[in-house]
Amino acid sequence: MTKTGLFLTFEGIDGSGKSTQARMLADQLRLQGHEVVLTREPGGSPGAEEIRRLVLEGDPDRWSAETELLLFTAARRDHLERTIEPALAAGKVVICDRFADSTRMYQGLSRGDLRSLVDQLHNLMIGREPDMTLLIDMDPETGLSRAKGRQGTEERFEDFGPDLQKKMRAGFLALADEFSDRFRVVDGNRDVDSVAQDVTDIVQAALR
Ligand SMILES: Nc1ncnc2c1ncn2[C@@H]1O[C@H](COP(=O)(O)OP(=O)(O)O)[C@@H](O)[C@H]1O
Ligand SMILES: [Mg+2]
């Protein structure tokens, strides 16, 4: 008998609480005895983490939109081959902080209208969707101020401002409609524990 794991992703605008919720969910599932791989994109494998530095650091104009899309796709392919698929084949729960939906949004929407190119590359090189995607929906202004509270060198995408955050929020909600079979929308405008409770309820139902 082949084991099949569960592939969960978190999506949402910057500062919506994805990383916080992904960590809390991983801790909780581990306490229940599940084998969990907590990972993130871009990155999640040694090769993809190297590509992460190329796409998240440096001059905002460092790459054309098309080159950037190729780099994200290369990183995702490596992450899938080396980290995600082996874990799922071993029956583990994979929790990934951002995945292809973020590329549909950020590369597909924000830098020219590349969505059809994003979809073509995805079909060619990735060809896999998560079993379930938790969209943390959030007021863009709050998200931006939360995100700005963090310090770091990965700021190539962080100066997009409130207009882009608004567009991205709407875009994620549209994706949730487009892929309504796997998306679950969680209201992120609440305290950490209330959001985590909703996430837990949704995932426990999926594990049953
Ligand atoms: N529900 C919440 N209420 C208040 N602050 C939060 C909440 N969730 C996360 N934060 C804080 O907001 C910041 C951004 O959260 P993070 O999980 O890093 O968001 P993301 O990964 O979506 O960008 C962090 O400093 C985090 O501690
Ligand atoms: Mg994060």
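For the chain, what is the calculated [θ] at 222 nm in deg cm²/dmol (nearest 500), taking -39500 (n - 2.57) for each run of four or more DSSP H residues and dividing by its residue count?
That comes out to -15500 deg cm²/dmol.
Ignoring ligands, DNA and RNA, please state the percent of accessible area on the chain from carbon and sulfur, probe 1.4 Å.
50 percent
In vacuo Debye scattering of the chain, one point per C-alpha: log10 I(q)/I(0) at q = 0.10, 0.14, 0.16 Å⁻¹?
-0.40, -0.83, -1.11
Could you check which residue among Thr133, Thr103, Thr20 shows the biggest mean-square fluctuation in a GNM of the chain with a 10 Å Cα cutoff?
With Cα springs under 10 Å in the chain, the top fluctuation among Thr133, Thr103, Thr20 is at Thr20.
Could you list, in their original order, any pairs among Lys18/Lys148; Lys92/Lys166; Lys18/Lys92 whose Cα atoms are separated by more than 26 Å?
Table pairs above 26 Å Cα-Cα are Lys92/Lys166.
Once the mean 1/r over all distinct Cα pairs of region 157-208 is inverted, what Kirkwood radius in angstroms do you read off?
After inverting the mean inverse Cα-Cα distance, the result is 12.9 Å.
The values are calculated or read from the model by the stated rules, or taken from the named source; none is laboratory data. Bear in mind that the values here come from a model prediction, so they are computed numbers and not experimental data. Quick note on the areas: whole protein, heavy atoms, side chains included, nothing else; ligands and nucleic acids left out. Shrake-Rupley method; radii C 1.70, N 1.55, O 1.52, S 1.80 Å.
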